[in-house]
Structures are given as structure tokens and as C-alpha cells.
Amino acid sequence: MTCRDRIIAPSLFAADFSRLREEVTRASRAGADWMHLDVMDGHFVDNISFGPPLVRSIRQATTLFLDVHLMISRPDHYLPRFVAAGADLITVHVEARHDVAETLRRTREAGCQAGLALNPATPFNAALPFLDQLDLLLCMTVVPGFGGQAFMPDVLDKIEAAAAARAARGLAYHIEVDGGIDAVTAARCAAAGANVMVAGSTTFCAKDMALAITQLRNA
Ligand code: DX5
Ligand code: ZN
């Protein structure tokens, strides 16, 4: 899939944790392109989700592309465990405490795709030194840590800047948005240049997940 393809990535964080295999299968049958896995360490963000053992179990349960979003303070330290667990793409935050270029380099060297995430308050400039190392740039559209928050429209300018820089430099990274994404906000993000739509509540909590995914795809 290229940065011209619309990719729908349901966030497992909004699934029923007591029956994860069924939830992954449900998302897959409903038309999910990727499975987005939100890893939270209770330190980088004010919440705790899951770690490498669960990523490994999901790997065994599906052939879907695993898009692993590390909201953790030391992504460099834990990177090898998420690689070994079977991640296809690993996104680290630019705000975390690590040598960002080195972490991205090691991610690709390990055979994974490399993503970089920016919190809503972090300017696009923070990503500039790393653009040619990226398979994906994640523009957070909420302050990370919790599902079900309201989309922050100020981030649209950053998405436009990310798309403009990509064109200017002849690069091909995906632009992903995460937080408060529904059919309305997905359309706004797509118009600004985003192509990967992460959605938790609007997919797993929908009455009809297939319809919800179709709406995100066509928005
Ligand atoms: C936010 C997470 C998101 C979150 C999205 O900290 O990174 O992936 O689960 O949830 P919704 O789609 O409900 O805003
Ligand atoms: Zn996420």
C-alpha cells in the first residue's frame, strides 16, 4: 500500500479485551486494512495498555498488517521486543527520551517499517531531520492516552505541512491520524493529506463495523 491508498486501521484499544481473537477477526472481516496496536507505559502517557506478549498473541491470531504505536518513554530499549513480537511497522514518539534517528535506523535494519509520531502540541519542524527515514508520520489528533476524545482541528495545518514537505522532497511516507477519527474528521484529514485513518471508538464500538469502515474509507 502506498501513501496514495486510503488505509483504515482500527485501534484494538477500543476492543473487548476479554475476547481479543474474536475482535481481531471481526475487524478483519469488516474490511480493516491494518490493525493499530496502542502500547502505553503509564509514564509517557497517563494510561497503561499492553506490551510485547500481547502483540505476539495478536500476531498469531491474524495476518493483518500490525501497526504498533509506542507511547512509551524508552522506545529504543523496548524496540527489539516489539520487533520479535511480530510488528510490521513500529511508530515511536519524537517527544520520548531516545536518539530518534538511531531508533528509526534500527527499526528498518530489523526489517520493520519505521514511523514517527508527533503529539498535537509538537510542531511539524520536529520531524524535519528524520523525514527521509520514515515510512509513516503520525500526527496525533488528540493528546495520547485515552480513546474517545474529541478531534483537535488545529492539527490539520500540520498534516498539510507534512504532505507539502513530502511532495517537495519526493518522499513517500504515509501520513496517519489517530484520535477522534470518524467519517467527518477523516474527510477533513484526507483533504489535508492524511491517508491512514486510525479509529478506535468509531470502529469497535459501532453497531455495524463493516459499515463504519466503509464510511471511513469513502469519507
Ligand atoms: C490515543 C490512541 C488512539 C486511540 C484512538 O491515545 O493512540 O489510537 O485509541 O481512539 P479513538 O478513535 O476512540 O479516539
Ligand atoms: Zn495510536
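The values are calculated or read from the model by the stated rules, or taken from the named source; none is laboratory data. These numbers were taken from a predicted model, which means no experiment stands behind them. Methodologically, a virtual Cβ is constructed for each residue, glycine included, from the backbone with ideal geometry; neighbour enumeration extends over all protein chains shown. Protein only, heavy atoms only, side chains kept; ligands, DNA and RNA dropped before computing areas. Shrake-Rupley method; radii C 1.70, N 1.55, O 1.52, S 1.80 Å.
In the range 59-149, the inverse of the mean reciprocal separation of distinct Cα atoms equals 13.4 Å; this is its Kirkwood hydrodynamic radius. Rolling a 1.4 Å probe across the protein heavy atoms gives the chain an accessible surface of 42 Å² per residue. Measuring from centroid to centroid over Cα atoms, what is the spacing of the range 168-219 and the range 67-113 in Å? Going from one Cα centre to the other spans 23 Å.
Note on residue 167 and residue 20: the model spin-label points, each 7 Å out from Cα along the C-beta direction, lie 4.1 nm apart. Solvent-accessible area of the range 96-219 (1.4 angstrom probe, protein heavy atoms only): carbon and sulfur portion equals 53 percent. Its relative contact order, with pairs defined as Cα atoms under 8 Å and 6+ residues apart, puts the chain at 22 percent. Projected onto their three principal axes, the Cα atoms of the chain cover extents of 41, 36, 31 Å, largest first. Relative to the 2.2 N^0.38 Å rule of thumb, the range 92-219 has a C-alpha radius of gyration ratio of 1.06.
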